[in-house]
Every structure is written in structure tokens, then in C-alpha cells.
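Engineer: To start, I am sharing the structure in question, which I have written as C-alpha cells.
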């Protein structure tokens with residue numbers, strides 16, 4: 001037909017739809033960045049917590065009368081690292097097995113590893129400094145070796161049911177896997193221990209002979225000294241005689257609670273760098289509106305109940321669960337809304353609910369429950385804020 | 001709104017002067033290169049044709065004829081791959097007689113007569129010369145330049161932004177054919193009744209800007225805007241927003257906003273047609289991509305793409321993908337036997353390592369980056385989900401028809417979902 005120079009083609013040309021080039025950001029890259037960010041928090045926290053033995057010697061002695069079996073006095077930093085290894089290991093392994101066994105499932109190692117680290121960092125560790133001869137049961141979970149078992153269960157449960165099955169069966173993830181797994185696994189524990197009358201009686205008294213921790217009521221005027229002392233006792237170095245100042249505890253170093261929020265400043269720095277690196281791939285609007293509404297709500301609560309506004313603000317913003325969840329859990333892309341307006345409403349709702357739960361249920365770490373509640377609103381929020389396109 | 005930055009790969013190509021590519025032995029002129037009504041051939045197998053002879057036309061208004069790029073004999077009328085329509089369509093195969101006899105049916109006018117020539121006559125020359133939008137859309141230019149009388153055109157925008165990351169053909173025209181482009185602008189000004197002219201170009205076109213200032217600087221009513229335009233702002237409506245601040249409605253015809261945006265290459269072709277009597281039988285094609293020496297070639301329309309590879313001594317064993325018309329909006333062609341068309345602004349080969357492979361579809365991670373990156377403020381992922389659920393009603397409610405096909409959403413997607421192509425396919 002034509003006598004054009006026919007070039008020999010051993011292979012067919014690859015045909016593909018435009019665009020023919022892709023951007024530099026991929027799922028794996030987002031996961032890698034997040035993993036490194038969480039690793040930095042884990043390692044820095046572990047180093048910071050290495051100086052603390054939990055339970056401390058004096059605490060061990062005060063438990064002498066109670067059933068203390070199972071308490072290991074080892075560096076808190078070491079417990080955290082072992083926790084991380086267990087959680088990441090269980091998650092990655094479960095992901096691998098499911099990926100191999102189920103045909104329609106893909107192996108997503110980095111995503112599983114990130115999940116494992118989040119499980120680790122939102123699992124409370126460390127005995128509060130003032131914890132003395134109270135019932136041992138609830139405190140056991142905060143220390144080795146019980147925490148290893150819990151973390152392994154949460155990691156396995158979360159990966160299998162909330163990461164893999166949720167996406168596979170429902171088409172999309174509704175609940176934040178780490179939050180949902182932690183909540184479900186610790187729910188029986190919560191009911192049997194934290195919500196019993198005896199518990200409240202003990203916790204609401206300051207009388208040490210009754211084992212009281214003097215847990216303050218947030219739905220009342222906050223006394224700077226009382227509440228401040230409570231927070232200092234709770235979060236400062238359990239071994240030291242002079243507790244650190246309230247500001248230093250809330251902003252720099254906490255030795256109890258979510259490892260992810262042990263140092264608020266660290267989370268803010270790492271979070272800011274991650275937002276800078278990922279930019280629009282990170283749902284920073286949720287973070288911003290969350291902290292904004294927490295601040296506003298805590299001012300409103302001060303307006304209602306009186307007391308020192310600064311102490312309440314420091315508590316609501318920088319408690320470990322609040323600061324870590326605001327940056328790393330509430331921004332989980334899969335369980336947050338698509339639209340800008342939706343993300344802002346999500347963040348505001350989360351902040352408002354967090355403060356309400358913490359104030360009226362005295363459930364410190366209420367952000368976790370608030371997140372799960374807000375997760376259910378995501379399909380609705382996805383319909384809000386559909387902006388008109390260009391020129392319409 | 002910040003537009004997504006897309007890295008340009010044109011350092012070498014943008015400084016390489018336009019080179020005249022030899023005439024092909026066999027030219028394959030595709031009939032339907034424009035967007036509009038199909039053409040029928042005016043010649044039969046065995047006929048002799050001259051350079052610039054009209055060989056196919058249609059009586060329909062929205063159409064544009066094609067011309068023979070070489071002189072010789074029609075040897076076949078058959079199917080060939082047409083990258084404009086992504087399918088095999090009818091084409092006229094012409095074998096050269098090496099004589100280059102010229103067809104003179106298009107009468108040029110001299111520049112001094114321009115002010116006396118009626119716009120209708122100018123439009124007729126543009127129509128007869130087969131000029132269509134060379135930026136990629138391929139809409140017949142004579143239709144675009146004849147808006148209804150009730151819509152006076154206040155602004156003419158010369159689109160010299162050329163955002164496609166590998167394309168440099170327009171940039172070289174700006175440098176080498178600046179005076180010709182000015183002549184073309186004067187023709188359009190005469191047709192549209194002296195609108196104000198804005199030349200929109202990018203600061204990165206460092207060689208072109210001084211040339212433009214030198215040639216256009218003293219002209220009244222001509223403004224040169226060298227901005228930090230992003231790829232997405234090369235689109236006519238998005239560019240109007242950048243220049244004048246308003247958002248033209250996608251429901252209305254382009255002239256209703258009182259502004260017409262013309263591509264540089266089209267304006268160059270208009271000048272050639274009106275003042276030299278040359279129909280559109282060649283165009284500048286950027287030959288960029290994974291090759292040692294990127295080039296800008298003045299190629300006869302109908303030249304088989306394989307000729308470009310063989311003349312440049314490129315081993316086809318190294319080439320696994322050939323993209324025509326820009327990496328963002330152009331298609332990868334299945335065969336290099338396909339010819340150059342009026343819309344082939346660039347030929348971009350890729351090797352095995354860098355070609356876009358069929359990627360495994362993964363699930364959306366809800367990062368919502370496509371929503372913030374869309375230059376026309378659509379919700380690509382929501383439209384995509386609606387299409388995938390076969391809910392076309394919902395897709396339309398989300399304005400899927402407003403998509404300009406720029407490909408930014410697919411480019412930014414970390415899950416590599418084929419958002420843009422799926423949405424574009426759903427528009428018809």
C-alpha cells in the first residue's frame with residue numbers, strides 16, 4: 001500500500017489515556033512520610049521516657065499489699081518501644097496473611113505499619129505519679145506486661161475488622177480503625193472499672209487513705225491550684241519530688257497517657273513539618289478547626305462554670321489524646337469528609353464533642369469517642385459544601 | 001486559587017530553532033482533523049494533485065477543508081489511525097512526484113489592502129485555507145471568528161502560554177515568526193472590529209518576551225502580559241480569569257463574554273493564508289521526550305510519524321510509547337504509521353522505563369486533593385464515583401460536562417485513579 005520506511009517493531013506501543021505523566025505523590029509516599037513522622041514521635045518519646053521506671057519503686061512498695069503480680073519495673077521508654085514492635089509486627093503480619101489469603105485484597109505494608117504505630121501511640125502508658133495503693137486492676141493495663149497483650153489485640157482487631165473488613169464489606173471505611181479498635185477492645189474494661197460506683201467514689205475523693213486520686217470535676221469552676229496540682233501529679237515525672245510546672249507538663253513533657261502526645265511541642269513540630277511536606281494531601285483543615293473549636297469551647301465552659309480559663313485551656317488543648325488525635329488520627333483521609341466545608345464542620349464537631357464528653361463524662365481522652373461519633377457523620381458531610389464549578 | 005505545578009521538560013527544546021522537515025514520499029491526509037461535521041473527498045484514486053489543492057470538503061457550516069501537502073498522485077483512500085478521534089478514520093494517500101507544483105486557488109491580499117478588505121472575505125480565506133484551532137481543540141477558526149452581531153468582541157487574547165510540559169512549538173513561533181504573528185493579529189482585529197489585544201505568555205519564555213516587546217511594543221491597544229501562568233491557565237476560560245478576573249460561564253458560547261482567545265500557531269497560520277495564500281498544509285511540531293536531541297520541526301501535515309523517527313535515526317526498539325499532542329492532554333498512539341495532523345502539536349516518545357504502564361487500580365484514599373487541584377472547581381472523585389456506580393444523573397448534577405480535560409486530577413491522584421479520562425468519556 002505505502003512504501004514508507006517500515007520500521008520493525010518487536011513490541012506493540014503502549015497505549016494509555018491522558019495524562020501520560022503522573023505527579024510525584026503516591027499512596028506509598030504519603031504513608032512513608034507519615035510513618036517517618038510517627039517514628040520520630042515514638043523514638044523521641046521513648047528516649048524521654050527512658051528515665052522513668054514504671055511502676056516506680058515507691059509505687060511498687062505501696063502496692064505490696066495488693067495483688068501486684070504482673071507488674072514489671074522497667075523503663076517506660078522500653079515498654080513503648082516493645083509496644084511499637086508488637087503493634088507494627090501484628091499489623092504487618094496480619095496484613096500480609098490477609099493479602100495472601102484473600103484474592104481481592106492487596107498487601108499494603110506501609111499502611112499497616114502506620115496503623116500499628118498509631119495504635120501504639122494512642123495506647124495510654126505510665127502510672128500517674130500520685131497513683132499509690134489504689135486498686136491495681138485499672139493500672140495494670142498501663143504497664144507491662146498487660147499493655148503488650150492489649151496492644152497486640154487492638155492491633156490485630158483493628159487491622160482485620162476495621163481496616164480490611166470495613167473497607168471490603170461496606171465499600172468504604174466509616175470508622176477510624178485505630179480509634180474503633182481501641183474503643184471496642186477497652187470497652188468491657190471501661191465498664192467494669194472506670195464506670196463503677198466504687199471507682200467514682202475512690203476517684204472523686206482527695207483522701208489518699210481511700211486511694212483517691214482527687215480527680216477534679218470539669219463541670220465546675222476550675223481552681224488553678226487544685227486542678228493544676230492534679231495535672232502536675234498526673235503527668236510529671238513520677239519519681240521526682242518537685243513536680244514540674246503546669247505549663248511545662250502540658251507543653252513539653254508528660255510521663256503518663258498517650259505516648260503520641262507525651263510532648264505537645266514535639267507533636268506540633270512534627271505535624272507542621274508533615275503538613276508542609278504533604279500540603280493538600282494532609283487534611284489540615286480538620287486539625288485547624290478542631291483545635292480552634294476546642295479552644296472556643298473551653299472558653300465557653302469557663303464562662304459557664306467559672307474558674308481559671310488558662311488552666312482549662314491548657315488541659316483541653318494539650319492533653320495527650322487531644323494533641324495527638326488532632327494531628328494524626330482525626331486527619332486520617334479515609335474517614336474524613338471530601339469537601340472543604342465538610343472537613344471544617346467535621347473538625348468543629350469533633351472539638352465541641354470532645355470538650356462536652358470530657359466535661360460531663362469525666363472521660364479523659366474523650367476525643368477518641370468524639371472521633372468515632374463524628375466518623376458516622378462523614379457520609380452526610382460529604383454532601384455538604386459541594387461548591388459550584390467555575391463560571392456557574 | 002493555587003494551581004498545581006507541573007514540571008516542564010523543555011530546556012533543550014525551547015532553544016532549538018525550527019527545522020524544516022523534508023516532504024514525505026507518501027502523505028496521508030486524514031479527512032476529519034477538525035471538530036465538526038465530517039468531510040468527503042474531492043479527489044479519486046489516480047487523480048493528480050498540486051501542493052495546497054483542496055482535496056476534501058463539506059457543505060456543512062462547521063467544517064474545515066483539508067489540502068494536499070505535496071504534489072503527486074492519489075494512490076489510495078483508506079483508513080489510518082487518527083489521533084484526534086482516537087480511532088481509524090478515512091484518509092487520502094498521496095504519492096509524491098517530487099515536482100512541487102503549486103495550486104494557486106487561494107488569492108492572497110497585500111498588507112496595505114487589509115483595511116479595505118471586508119471581514120467576510122477574510123473569513124472566507126481562513127475557511128478555504130482549512131484553519132482550525134491548532135492549540136488542540138481543532139474547532140474551525142472561521143466559525144470562532146464570526147460571532148453574532150449582538151455580541152461585540154472587546155478583547156482578543158493571544159494565547160501564548162503553551163503550558164503542556166513538553167511542547168515548545170508555539171514558543172519557537174513566538175521567537176521566529178513574531179512579525180508574522182503581528183500580521184495575523186491585525187487580520188483578526190480587522191475581522192472583529194478592533195478589539196483590545198492581550199498577549200498572554202509565561203515569564204519562563206525568556207527568548208520570546210523581548211521579541212514580543214520589540215515587535216508589539218509600539219502597537220496601540222496591544223498589551224503583553226508575561227505572567228507566572230501555570231499549565232491549567234492555558235485553558236481559554238481559566239486564562240480569561242487570570243487576565244480579566246471574571247469566570248466565563250461554561251454554559252455560554254465563548255463570544256458571549258466579549259472575549260476571543262486564539263492560539264499563537266493558529267494566528268500564524270491565518271497570516272500565512274491571508275498574506276501568502278498558503279493553506280494550512282504544515283505546522284510546527286515539537287519533537288521532545290526521551291530523545292538525545294529535542295527538535296522543533298516544520299512538518300507537512302500528512303507526514304507519517306514513523307518518518308520523523310527514521311529521519312532522526314531513532315531505534316524503534318527503544319521506544320515503547322509515542323504521545324501525540326502533549327503529555328497532559330494528548331493520547332498515546334498505537335502505531336507510528338499514523339500521520340501528523342493539524343492538531344499534532346508535539347511528538348513525545350518514551351522508553352520502557354518511563355512510559356505510563358497500565359497501573360493496577362487501587363482504591364481512593366479520600367485525600368480530596370483532586371478537589372482542591374481542579375482548575376474549574378469540580379469534584380472529580382465524586383463525579384468518578386457516580387460514573388462508576390452508573391449514576392449518570394448524579395454525575396450531571398455534579399457538572400461532569402464542565403470538565404476541561406486538563407488531566408490535573410489524574411496527575412495529582414495518589415491512588416492513580418483515571419479520573420480525567422473517565423469524566424471526559426462520560427461527557428458524550
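Bear in mind that the values in this text are calculations on the coordinates, not laboratory data. All of these numbers come straight from a predicted model, not from anything done at the bench. Using ideal geometry, Cβ is built from the backbone for each residue, glycine included, and neighbour counts are taken over all protein chains shown.
Engineer: Do the sum for chain A: with -39,500 (n - 2.57) for every DSSP H run of n ≥ 4, divided by all residues, what is the mean residue ellipticity at 222 nm, to the nearest 500 deg cm²/dmol?
Structural biologist: -17000 deg cm²/dmol
Engineer: Considering only DSSP beta bridges where both residues belong to the protein assembly as shown, give the percentage that are antiparallel (nearest 5).
Structural biologist: 60
Engineer: Give me a single rounded figure for B:367-379: the average over its residues of other chain Cβ atoms within 10 Å of their Cβ.
Structural biologist: 6
Engineer: Give, in nm to one decimal, the length gained when the segment between residue A:28 and residue A:43 is fully stretched (0.36 nm per residue of separation minus the Cα-Cα distance).
Structural biologist: 3.2 nm
Engineer: Right, another one. Can you sort B:221, B:32 from fewest to most other Cβ atoms within 10 Å of each residue's own Cβ?
Structural biologist: B:221, B:32
Engineer: So, one more: Taking Cα atoms, how many degrees apart are the long axis of helix A:76-101 and the longest axis of chain A, rounded to 10 and kept between 0 and 90?
Structural biologist: Value to nearest ten degrees: 40.
Engineer: Would you mind getting me the FRET efficiency between residue B:95 and residue B:207? Use the beta-carbon distance for r and R0 = 45 Å, nearest 0.05.
Structural biologist: With R0 = 45 Å, the Cβ-Cβ based efficiency is 0.70.
Engineer: Using a 10 Å cut-off around each Cβ, can you sort B:237, A:26 from fewest to most neighbouring Cβ atoms?
Structural biologist: Going from sparsest to densest Cβ surroundings: A:26, B:237.
Engineer: Follow-up. Give me P(r) over the protein assembly as shown, computed from all C-alpha to C-alpha distances, binned every 10 Å, as integer percentages.
Structural biologist: Reading upward from the zero bin: 2, 12, 19, 18, 14, 11, 10, 7, 5, 2, 0, 0.
Engineer: Diagonalise the Cα gyration tensor of the stretch A:27-381 and give the resulting equivalent ellipsoid semi-axes, square root of 5 times each eigenvalue, largest first, whole Å.
Structural biologist: Whole-Å semi-axes of the equivalent ellipsoid: 31, 25, 18.
Engineer: Another question, then. Other chains near A:268-281: what is the mean number of their Cβ atoms within 10 Å of each residue's Cβ?
Structural biologist: 2
Engineer: So how tilted is helix A:224-235 from the main axis of chain A? Cα-based, degrees 0 to 90, rounded to 10.
Structural biologist: Long axis of A:224-235 versus the principal axis of chain A: about 60 degrees.
Engineer: Considering only C-alpha atoms, what is the centroid distance from the stretch B:272-346 to the stretch B:165-179, in Å?
Structural biologist: 15
Engineer: Let me ask something additional. If you build the convex hull over the alpha carbons only and average its shadow over all orientations, what do you get for the stretch B:369-425? Give it in nm² to one decimal.
Structural biologist: That works out to 3.2 nm², a quarter of the Cα hull's surface.
Engineer: Okay, moving on. Calculate for chain B the 222 nm mean residue ellipticity that helices alone would give, adding -39,500 (n - 2.57) per DSSP H run of length 4 or more and normalising by residue count, nearest 500 deg cm²/dmol.
Structural biologist: So the helix-based figure for chain B works out to -7000 deg cm²/dmol.
Engineer: Residues of the stretch B:178-203 with backbone nitrogen within less than 13 Å of a virtual label 7 Å along the Cα-to-Cβ line of residue B:154, please, listed as ranges.
Structural biologist: Counting backbone N atoms under 13 Å from the label point, the list is B:195-197.
Engineer: So for each of B:310-318, A:369-377 I average, over its residues, the number of other beta carbons within 10 Å; can you give me the resulting order with the highest mean first?
Structural biologist: A:369-377, B:310-318
Engineer: Mind checking the mean number of beta-carbon atoms from other chains within 10 Å of the Cβ atoms in B:245-255?
Structural biologist: Mean shielding count: 2.
Engineer: Antiparallel DSSP bridges in the stretch B:77-214: what percent, to the nearest 5?
Structural biologist: If we restrict to bridges inside the stretch B:77-214, about 55 percent are antiparallel.
Engineer: Out of the DSSP beta bridges found with both residues in chain B, what percent are antiparallel (nearest 5)?
Structural biologist: So the antiparallel bridges in chain B amount to around 60 percent.
Engineer: Treating the angle as unsigned and between 0 and 90°, give the value, to the nearest 10°, between the Cα long axis of helix A:366-375 and the longest Cα principal axis of chain A.
Structural biologist: With rounding to tens, the tilt is 30 degrees.
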